[in-house]
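In what follows, a single structure is set out as structure tokens and then discussed.
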């Protein structure tokens, strides 16, 4: 046998494909799959939230609600009772299911906010309450937060927070992530940023309640004016960042009122003097303490 050393064909170890380009395609494909997975799981969580018993929400919320609100003073209790009374008045107009209970809490701090969370618990902070010019504006605020509860937005937001935490733990290789921590303590507030579509849905529900309760929608404009004038540098657990732009909310309110034939302006109701005195007294004290 005669051995011959054949010539190796040119280009046998060469590819026209760019390895960087191939990696980019694979990476983008993987990212697209992850995004699609997150979207599908998020949609599934939104759909399945209606099957979570409201009593389970209340059970989850009970321990940290007590911790967060602390021991209210007599004046705080008086304001909380007023807020609860107003919420009870508008509840029949909300179309809430029989199992849903709304509980109002008044937090005596400068924080400018109102927030709905698990178990129908709604927190109204003095910093926002003292800026509202009328009970109409307060009714719009309460109805907006109650609408979040009705539409199960808090449990949807927190479920997605748990999902993202788990996905991050898987992708980063962490194995000690405590998802239960999302549902306890004030860390829960960090995951309560509702989507703009959810905020718009809550606005729509609240506007309808405002019209039924007062026969006009002026309270919505008063509330939105407060938000429009609000200085973002004020200390706040600010969920309003995820809200549609305030000017767009005002325009949407005007458009809805015109289409429905609702009055945009009307007679306003003031908050009771006893409540205003408590808020203003506290506010005056906090100002004097700074000088």
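The values are calculated or read from the model by the stated rules, or taken from the named source; none is laboratory data. Because the structure is a prediction, the values reported are computed rather than measured. All Cβ positions, even for glycine, are placed from backbone atoms using ideal geometry, and neighbour counts span all protein chains on display.
Below is a table of values for the structure above.
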| read-out | value |
| --- | --- |
| Boolean, residue 65 is more than 25 Å from residue 221 (Cα to Cα), modelled with pLDDT of 90 or more and either assigned to a helix (DSSP H, G or I) or in the same structural domain as residue 155 (by TED's automatic domain parsing) (or both) | no |
| Residue, surrounded by the most Cβ atoms within 10 Å (Cβ to Cβ), within segment 81-94, restricted to residues that are over 16 Å from residue 205 (Cα atoms) and touching a helix residue (DSSP H, G or I) at 6+ places or on another chain (Cβ under 9 Å) | 83 |
